[in-house]
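Structure, as structure tokens:
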Amino acid sequence: MIEKTPFANIVTYAILFVALTLVLVPFWIVICASTQSVAQVNAVPFSFVPGGEMLKNYAAAWQRADLGLALFNSFVMAGLVTSGKIAVSALSAFAIVYFRSRWGMVFFWLVFMTLMLPLEVRVVPTYNIAADAFQPFRLLIQTLTGIEVGIDWNLLNTYSGLTLPLVATATGTFLFRQFFMTVPDELAEAARMDGSGPWRFFVDILLPLSRTNMLALATILFADTWNQYLWPRLMVTDPSYSTAMTALRALRPSENGLPDWNVTNAGALIIVLPPLIVVAVLQRWFVRGLIATEK
Amino acid sequence: MKRVVFKSRWVPAVAALPQLLLIFLFFYWPAVSVMNWAFTLEPAFGGAGERIFVGWENFTSVFADTQYWNSVRVSLIFACSSTFITLALALVLALAVDRQLKGSKFFRFFYIWPYALAGPAVGTAFLFILSPERGLMAIVNAAHPDFWNPAKYGSHAMILIITCFVWKWVGYCFIFLLAGLQSIPRSLTEAAAMDGSGPLRRAIDIQIPMLTPTLFLLLILIATESFVGKDTYGIVDRTTYGGPNNATNVMVFNIVAKAFEGLDYSGAAAQSLMVIAIIMVFTFVQFRFVERRVHYR
């Protein structure tokens, strides 16, 4: 700026510092608490210095919530949802942008409508369909042919049940649609003149061009899926499918004696680490993806 | 719209198929079942047989339920205050960082961090940090006994969940507002500065009016997010569990409790439809009345 505003600058710095403190102090408190002993973590006033029981607390948290398995499941779930959603939405955006038919518009609106209802409001019927995913097809076959089919397809306590309902939403489709619209028409024209069909164009030209967008979308999707709580909480009853987020429930401080918040905080820190690393290290991509998906 | 398109019938059909199948199974079919459940009841004594059509009966029993109206009120208080505080703080931060003083990149780097954490994790941390017996507030409570106790007082519990939500979402709004501010031409603010208007005057007369489209988008986003979003459920579930005495029993929490603990699918479905209706009214009112004052370039 071209002016000198010493007073306004001081006020600005004051605001920036207060906000930074408010952001970082909770992190610091949790870090300190996760390294203290049970007595220290319950002491009044709280001591803002790390204690010496770090390894012990982290080992206890790891064991209590079976974090090895939970983290593995979360990585599987986040990986499947991220790759699945990118693949599904790139394909459907391709169908919407590069072809003309009267079904194209219908399809576009069908996808668009799904943005209106977050999983939280339709979680009960979604649970119901996950328990018996073949139910609509069975009904269809029965009304069409009168044959009763005895096929069941239970998705509860499976990886497909954890991931498929999360892949179904439309945010990625819109990101890709927006991006494909900005790809110059001349590219498709040239590809067509050279005799390449739509698949060839999609795989050899469109996908390589979207690499940046895919990376941005992937960072968001990874963090977002990792942080899913309600869905895995409801649909997983078999502990061998529990995810890192739902492990938070197992980590609540024990009720007998002094509550061991040191172990809880240690576990919580391990659980939030992967998305935190994504945001801290890949921040440029993450921010770009955030802004692109909401426009 | 594209000038150049490919001509084929089956290629777009195949490309669209996975998404179609998924939204049919996990979106449209559930949406139809919500409708079905909301207007029917399970026959008494076990599930065999057709569901019985009961008209508006499920709705009337929901409306007669004081706990339902309580959850509506709680949700509105939570959503309105969270949205307002989040947007106000994010705006101040974005204006501060946009002044581009030395080191503002450093601050910007950390402000987005809380957004990486899930609602339930933030809830777990703040349940400890703001607990009445330990953490930060214990000192205040030692001096003034019973000054702060979210497990006992409904208003304190509400403050606790609002704090969690705001702490997480300010960074997200900040990113959008900063991007909006940076797209305002520098020449405009510089011209204003030459005419002698200070940073505050410029913020009120130039930057905030130019930001209204972004603010409007965020208003809808955060209002919906705080009303029905995943963090709202997660925060309540990990901190107050709807209590004390239903003071933080927000609508999503009430619905899930009704369906999965009370096993009342019809009541839960009727309530889900009400939430959907409220979201639509929200969106409509915002578009109708807020958009008039919005400046679009």
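Numerical summary
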item	result
FRET efficiency estimate (nearest 0.05) - Cβ-Cβ, B:Ala277 to A:Thr171, R0 35 angstrom	0.90
Student exercise, the stretch B:109-263 dipole from Lys, Arg, Asp, Glu Cβ charges, in Debye to nearest 20	80
Residues B:Cys80, B:Cys164, A:Cys32 arranged by fewest to most Cβ contacts within 10 Å	B:Cys80, A:Cys32, B:Cys164
Euclidean distance between Cα centres, the stretch A:122-146 to the stretch A:34-103, Å	32
Compactness of the stretch A:197-254, expressed as Rg and Dmax over alpha-carbon positions, Å	18.5, 63
Dipole magnitude of the protein assembly as shown about its Cα centre (Cβ charges: Lys, Arg +1; Asp, Glu -1), debye to nearest 20	1640
Spread of Cα-to-Cα distances over 5 Å intervals beginning at zero, given as percent, for the stretch A:80-219	2, 9, 14, 16, 17, 15, 11, 8, 5, 3, 0
Value in Å of the Kirkwood radius, where chain B supplies the Cα pairs that are averaged	22.6
Kyte-Doolittle mean at least 0.0, axial Cα span of 27 Å or more - DSSP H helices of chain A	A:6-35, A:67-98, A:261-281
4 °C / 1.567 mPa s Stokes-Einstein diffusion coefficient of the stretch B:158-223, Kirkwood radius on C-alpha pairs, µm²/s	97
Cα-based Rg and Dmax for chain A, where Dmax is the largest Cα-Cα distance (Å)	24.7, 82
Computed [θ] at 222 nm, helices only, for chain A once each DSSP H run of length n ≥ 4 contributes -39500 (n - 2.57)	-22000 deg cm²/dmol
The stretch B:65-159 shape via C-alpha gyration tensor axes, a/c threshold 1.5	oblate
Evaluated at q = 0.12, 0.17 Å⁻¹: base-10 log I(q)/I(0), Debye formula over Cα of the stretch B:6-102	-0.82, -0.93
Radius of gyration and maximum dimension Dmax of the protein assembly as shown, Cα, Å	25.6, 82
Values of log10 I(q)/I(0), in the order q = 0.17 Å⁻¹, for the stretch A:204-295 under a Debye, Cα-only, solvent-free model	-0.85
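Just so you know, all these numbers are worked out from the coordinates, no wet-lab data involved. Computed from a prediction, not measured in an experiment: that's the story for all the values here. Glycine gets a Cβ as well: all are built from the backbone with ideal geometry, and neighbour counts include every protein chain shown.
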